[in-house]
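J.: Before I ask anything, here is the structure I am working with.
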């Protein structure tokens with residue numbers, strides 16, 4: 001198979017060239033061999049890794065978590081239970097963030113109800129609450 005350029009790898013993986021370089025610097029993608037001209041030469045595994053990273057990011061995994069998942073992917077002794085636990089931990093994190101966002105929404109909705117939206121901004125219950133002077 002013919003080696004791929006960084007542009008070809010990026011295009012096939014659905015990411016930008018700078019993203020490929022960034023993941024190399026972060027240690028998520030192995031830096032490829034270089035041609036005599038200095039150009040990077042990638043194989044299809046690089047495309048697979050980049051797609052893996054992109055999909056994991058879409059599911060909310062951090063780069064640190066993705067690094068761990070990539071390590072599990074390459075570790076012949078890794079178990080499905082380990083991978084499953086990583087996913088369960090991410091779900092718990094997402095649920096905690098959802099609960100936090102719901103609390104924020106509830107507070108904002110209460111503030112919106114207190115502010116009738118007419119008159120000068122001075123004394124607005126929303127601004128007062130943001131300044132720590134909520135009644």
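We did not get these values from a lab; they are worked out from the coordinates using the rules stated. Treat the numbers as computed from the prediction; the structure is a model and nothing was measured.
J.: Can you show me the helix-derived [θ] at 222 nm for the chain, built from DSSP H runs with n ≥ 4 at -39,500 (n - 2.57) apiece and divided by the number of residues, rounded to the nearest 500.
T.: Working: 6 runs with 85 residues, N = 135.
Helices in the chain give a 222 nm mean residue ellipticity of -20500 deg cm²/dmol.
J.: Bins of 5 Å, beginning at zero and ending with the bin holding the largest distance: percent of Cα pairs per bin for region 32-81, please.
T.: P(r) over region 32-81, rounded to whole percents: 5, 18, 20, 19, 18, 10, 7, 3, 1.
J.: Further question on the same structure: Could you calculate the contour length gain from residue 94 to residue 81, that is, 0.36 nm times the residue separation minus the distance between their Cα atoms, to one decimal place in nm?
T.: That pair, residue 94 and residue 81, stretches by 2.7 nm at full extension.
J.: Can I ask one more? What angle do you read, to the nearest 10 degrees and between 0 and 90, between the alpha-carbon axis of helix 80-114 and the longest principal axis of the chain?
T.: Helix 80-114 sits roughly 30 degrees off the main axis of the chain.
J.: Provide, as a two-decimal number, the C-alpha radius of gyration of region 46-125 over 2.2 N^0.38 Å, N being how many residues it has. If you can, show how the numbers build up before the last one.
T.: On the way: Rg = 21.1 Å, N = 80, 2.2 N^0.38 = 11.6 Å.
Scaled against compact globular proteins, the figure is 1.81.
J.: Helix 44-58 versus the longest principal axis of the chain: what angle, 0 to 90°, nearest 10, using Cα atoms?
T.: The angle comes out at about 10 degrees.
J.: How long are the semi-axes of the ellipsoid equivalent to region 1-60, from square roots of 5 times the Cα gyration tensor eigenvalues, in whole Å, largest first? Don't skip to the answer; put the middle values down first.
T.: Numbers: eigenvalues 79, 27, 17 Å².
The equivalent ellipsoid of region 1-60 has semi-axes of 20, 12, 9 Å.
J.: Between helix 63-74 and the chain, what is the angle of the helix's C-alpha long axis to the longest principal axis, kept within 0 to 90° and rounded to the nearest 10?
T.: Compared with the principal axis, the helix lies near 40 degrees.
J.: In angstroms, what radius of gyration and Dmax does the chain have, counting Cα atoms only?
T.: When restricted to Cα atoms, the chain yields Rg and Dmax of 23.6, 71 Å.
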